[in-house]
Amino acid sequence: MSSGVVLLCFIYFFGNTIPPKKGPGAVAAAAGTKEISFTTILEASKQQLSPAQQAHVAQLETAVVRGDVKDQQIKVYKQLADFWKDSAHLLIPYAYYSAQAAKLENSQKSLTFAAQFFLEGIRRQENADLQRWMASEAKELFEKALQIDPGNDSLKIGLGSCYLLGNISESPMQGIMMIREVAEKNPENMYAQFMLGLGGIISGQYDKAIDRLLKVVQHQPDNIEAILMLAEAYERQNDKANAVKWYLTGKKQIKNADIAKEIDERIKLLGNK
């Protein structure tokens, strides 16, 4: 699991993906079963809406069912996506309806956008049931995009990352192997190196994680996420000096006071260990 610094950084740069917890109707509370469905998520999300907003959503949902022309359905799915993002400020329903529109459009661009949005959400979602659901949604989108462009390495890495991060396979190595294939073919692919570094942290192989992440920060010195993950890998390896070095390197690039404070606390704890 990511340290507080890395998780806070994810939320700062990418925002939150679930509605605020308002009692038993919140999505996080609704995700109490091993197999969660979008129906469960949607019902929990609707409890956050005003009566007028609920009526508006119901009207759009009816329009989707009645729409017998693909273009009309795409339009309504996009309207639903826009509502959940701009009016309700709940990004999981937004991601779902964007994905539904992308599947109907069946363009690599729209499928990839929707898949990547889900993939980023997995990494900042703490609920394991929601992670699996989001990974399954992303997997389907990446697979459809790969049918259009089978040789696209970024799509292969994305698909592998679904297995790596979403716990949708009995063998996490299934995802690692997909990503490693791209990295071995093109060692300069920093997306692959980054994801393999993340995989190393998840699996507890900190030496391998450090090797991968060092490559990333050498090629991308402004990649704050990679820098903080590198610091975390050193911390978990009990290499305090390098952990502090990279936490300080990351702090120099961060203007958010909360994240900077969290880094200072990590450094202080390292000094006391």
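Between residues in region 238-259 that are over 23 Å from residue 209 (Cα atoms) and of a type in the set (S, T, N, Q) and residues that are in a helix (DSSP H, G or I) and at pLDDT below 95, which pairs lie under 6 Å by C-beta distance while being six or more apart or on different chains?
Correct list of pairs: 256/12.
Look through 210, 179 and report the one residue that is assigned to a helix (DSSP H, G or I), modelled with pLDDT of 95 or more, crowded, with 23+ Cβ neighbours inside 10 Å and among the β-branched types (Val, Ile, Thr). It would help to see each step written out before you state the result.
Values: 210 fails: crowded, with 23+ Cβ neighbours inside 10 Å.
Checking each option against the conditions leaves just 179.
Taking the options 154, 203, name whichever one is within 23 Å of residue 115 (Cα to Cα) and of a type in the set (S, T, N, Q).
154
Can you run down the residue pairs with Cβ atoms below 9 Å, 6 or more apart or on separate chains, where the first is in region 118-139 and within 21 Å of residue 174 (Cβ to Cβ) and the partner is of a type in the set (Asp, Glu) and surrounded by fewer than 21 Cβ atoms within 10 Å (Cβ to Cβ)?
So the pair list comes out as 129/35; 132/35; 133/35.
Which condition number does residue 35 fail, the rest of (1) more than 17 Å from residue 121 (Cβ to Cβ); (2) at pLDDT 90 or above; (3) part of a loop (DSSP other than H, G, I, E, B); (4) not basic (Lys, Arg) being met?
(2)
Against the definition (in a helix (DSSP H, G or I), of a type in the set (Gly, Ala, Ser) and within 30 Å of residue 237 (Cα to Cα)), how does residue 192 come out, yes or no?
For residue 192, the condition - in a helix (DSSP H, G or I), of a type in the set (Gly, Ala, Ser) and within 30 Å of residue 237 (Cα to Cα) - is met.
Please pick out the residue among 243, 231, 260 that is among the small types (Gly, Ala, Ser), touching a Leu at 6+ places or on another chain (Cβ under 8 Å), assigned to a helix (DSSP H, G or I) and on the phi < 0 side of the Ramachandran plot. Write out each step before concluding.
On the way: 231 fails: touching a Leu at 6+ places or on another chain (Cβ under 8 Å); 260 fails: touching a Leu at 6+ places or on another chain (Cβ under 8 Å).
Criteria check complete, one pass: 243.
Those residues that are touching a residue at least 24 places away in the same chain (Cβ under 8 Å), aliphatic (A, V, I, L, M), touching a Leu at 6+ places or on another chain (Cβ under 7 Å) and surrounded by fewer than 23 Cβ atoms within 10 Å (Cβ to Cβ), I need them from region 140-156; list them, please.
None - no residue of region 140-156 is touching a residue at least 24 places away in the same chain (Cβ under 8 Å), aliphatic (A, V, I, L, M), touching a Leu at 6+ places or on another chain (Cβ under 7 Å) and surrounded by fewer than 23 Cβ atoms within 10 Å (Cβ to Cβ), so the list stays empty.
Hey, among 159, 196, which residue is more than 27 Å from residue 110 (Cβ to Cβ) and either at pLDDT 95 or above or acidic (Asp, Glu) (or both)?
196
Just a yes or no: is a residue in region 248-260 modelled with pLDDT under 95, of a type outside the set (A, V, I, L, M) and under 25 Å from residue 165 (Cα atoms)?
So far as region 248-260 goes, yes, one or more of its residues are modelled with pLDDT under 95, of a type outside the set (A, V, I, L, M) and under 25 Å from residue 165 (Cα atoms).
From the list 263, 210, 267, 201, exactly one residue is aliphatic (A, V, I, L, M) and within 17 Å of residue 123 (Cα to Cα). Which is it?
201
Need the failing condition index for residue 168 against (1) over 21 Å from the mean Cα position of the chain (by Cα); (2) outside any helix (DSSP H, G or I); (3) crowded, with 19+ Cβ neighbours inside 10 Å, just the number.
All conditions are met except number (1).
Looking at (1) more than 30 Å from residue 185 (Cβ to Cβ); (2) among the hydrophobic types (A, V, I, L, M, F, W, C); (3) out of contact with any Gly (no Cβ under 6 Å at 6 or more places or on another chain), which is the one condition that is false for residue 138?
Evaluating residue 138 over (1) more than 30 Å from residue 185 (Cβ to Cβ); (2) among the hydrophobic types (A, V, I, L, M, F, W, C); (3) out of contact with any Gly (no Cβ under 6 Å at 6 or more places or on another chain) leaves (1) as the failure.
The values are calculated or read from the model by the stated rules, or taken from the named source; none is laboratory data. Fair warning: this is a prediction, and the values are worked out from it, not measured in the lab. With ideal geometry, Cβ positions are generated from the backbone for all residues, glycine too; neighbour counts draw on all protein chains shown.
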